[in-house]
Structures are given as C-alpha cells and as structure tokens.
Amino acid sequence: MKKIGLFFGSFNPIHIGHLILANYILENSNMDELWFVVSPQNPFKDKKSLLTDHNRLDMVQLAVKNYPKMRASNVEFSLPKPSYTIDTLTYLKEKYPNYSFALIMGEDNLDSLPKWKNSEKLMSEYQIIVYPRTFEGEKKDNEYLQHENISMVNAPIIELSATEIRNMIKEGKNVRPMLPPEVFEYLDGSSFYK
C-alpha cells in the first residue's frame with residue numbers, strides 16, 4: 001500500500017521552508033509521496049490577502065516540479081467549503097482505496113486538534129506526523145504526543161512565514177532567497193501581494 005503524507009496549507013506563497021520540511025519528512029519517514037494540499041478556504045484565516053486558488057496551486061506545482069516524490073493537490077477545490085480535514089481524508093480514502101494517508105501538521109496545531117471536526121476519528125484512523133514549531137516562552141509536553149497514531153519528527157525549525165514574505169514583497173524588499181526560483185519568477189513582475 002502506497003503511503004502518502006498530506007501537507008495542508010494555503011501556501012500563500014509556498015516558500016523554501018515548506019520544501020525543506022517536506023523533503024525532511026520524506027527522507028526520514030515511511031512516506032512514498034508527499035502531497036501539498038492547497039486549501040481554498042481556512043475558516044481561521046483572513047481571505048483578503050489570499051491569492052486565487054489557482055494562482056497558489058500554480059506556485060506549488062512550479063515549486064515541486066523537480067521533486068518526483070512531491071505533488072500539488074487541488075482535491076479541496078471541488079469539496080464543500082469550508083474545508084474540513086476529516087472530510088478531505090474520507091474523500092481521498094474512497095478515491096484511492098490502495099493508498100494509506102497520513103496527516104502532516106505543525107506542533108502548534110496540536111493544542112487545537114480536539115476542536116477539529118471529528119478529531120477522535122482523525123486520531124484513531126490516521127497517522128499524524130507532527131513537526132516542531134517555535135514557541136514564545138517554554139515548550140510544553142503535549143498529551144497528544146502520547147497517542148499511538150501521533151509521532152513527532154525531529155525536522156529542522158524553519159523560522160520563515162508566508163505572512164513575512166508577503167509583507168516584504170509589499171515593502172519592495174528582496175525575497176528571492178526565501179522562495180523556490182520558479183515561484184520567485186512567477187511572482188516577480190506581477191502585482192501579487194503589492
């Protein structure tokens with residue numbers, strides 16, 4: 001059975017931090033592939049700075065084209081909005097019965113996991129791979145890391161955010177080193193984020 005890691009996000013824009021993390025997980029887990037699932041609408045995010053779904057998908061496709069084990073997924077574009085992770089996983093499980101799916105999430109999302117739709121089902125039926133994030137103050141042990149389906153990977157902590165990149169673009173600063181070259185070319189000369 002093919003093992004697929006699902007990395008959900010708005011990828012607004014996708015940056016080198018996402019690729020470093022995805023590559024680390026692929027090289028240090030039992031995943032065969034990692035899919036970047038471009039989310040059309042996160043109920044917790046402000047939409048006004050969000051590029052169109054297809055612009056963000058285009059950037060992810062450009063960013064992963066030289067990585068044979070990574071791909072861009074628009075699966076949530078055709079699902080009801082807002083997108084709930086459990087609904088997307090249920091849909092993918094039906095569409096690809098010979099694949100096994102794992103969820104990839106930042107450590108900062110673990111605290112809110114119980115508030116997610118059908119969180120118990122999510123934790124009992126799917127592997128969840130957690131990567132470290134920076135925290136203000138002390139790190140605390142999270143009880144969910146004791147769950148049999150939840151594991152922490154010792155991935156590098158990338159202190160780079162899409163919000164920071166968008167702000168730098170708006171201010172006319174150079175973001176070339178923070179983006180995959182193809183994504184930089186896509187944004188350069190456009191009015192995106194300005």
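Name the residue, out of F101, F184, F36, whose mean-square fluctuation peaks in a Gaussian network model built on the chain with Cα pairs under 10 Å.
Fluctuation is largest for F184.
Using the Cβ atoms and a cut-off under 14 Å, what net charge is assigned to the surroundings of I158, where Lys and Arg are +1 and Asp and Glu are -1?
The answer is -3.
Given H placed 1.01 Å from N in the peptide plane, which residues other than close sequence neighbours of L34 have an amide H under 5 Å from its amide H?
Result for L34 returns G5, M70, R71.
Could you sort 51-64, 21-34 so that the peptide with the highest average Cβ count within 10 Å comes first and the rest follow in order?
Ranked by mean Cβ neighbours within 10 Å, highest first: 51-64, 21-34.
Please identify the GluC sites (Glu not before Pro) of the range 138-194 that satisfy two criteria: DSSP loop assignment and at most 16 other Cβ atoms within 10 Å. Which are they?
Passing both the DSSP loop test and the Cβ count: E138, E148, E159, E171.
Can you tell me the accessible area per residue over the chain, all protein chains present, probe 1.4 angstrom, in square angstrom?
55 Å²
Check which residues have an amide H placed less than 5 Å from Y193's amide H, if you skip close sequence neighbours.
Residues meeting the amide H criterion: none.
Kindly write out, for the range 144-153 in residue order, the coupling ³J(HN,Hα) from the Karplus curve 6.51 cos²θ - 1.76 cosθ + 1.60 (θ = phi - 60°), rounded to whole Hz, with x marking Gly and Pro.
5, 5, 7, 5, 5, 9, 10, 10, 9, 9
Over all directions, the average projected area of the alpha-carbon convex hull for the chain comes to how many nm²?
11.3 nm²
Round to a whole number: what % of the accessible area of the chain belongs to carbon and sulfur, probe 1.4 Å?
47 percent
Over 32 Å between Cα atoms: which of K81/K121; K2/K117; K117/K173; K115/K173; K3/K115 fall into that group?
Violating the 32 Å limit, Cα to Cα: K117/K173; K115/K173.
Show me, for the range 125-130, the HN-Hα J-couplings you get by feeding each phi into the Karplus relation (A = 6.51, B = -1.76, C = 1.60, θ = phi - 60°), rounded to Hz, glycine and proline as x.
Computed from phi, the couplings for the range 125-130 are 9, 10, 6, 10, 9, 10 Hz.
Just name one of V60, V153, N23: the one whose Cα is farthest towards the positive end of the charge dipole of the chain (beta-carbon charges, Lys/Arg +1, Asp/Glu -1).
After comparing all options, I get V60.
Can you give me the long-range amide H partners of Q127? Hydrogens built in the peptide plane at 1.01 Å from N, cutoff under 5 Å, separation of 5 or more residues or another chain.
L103
The values are calculated or read from the model by the stated rules, or taken from the named source; none is laboratory data. Here the structure is a predicted model, which is why all the values come from computation and not from measurement. Neighbour counts run over all protein chains shown; Cβ positions are idealised from the backbone, glycine included. With ligands, DNA and RNA removed, areas are computed over all heavy atoms of the protein, side chains included. Shrake-Rupley method; radii C 1.70, N 1.55, O 1.52, S 1.80 Å.
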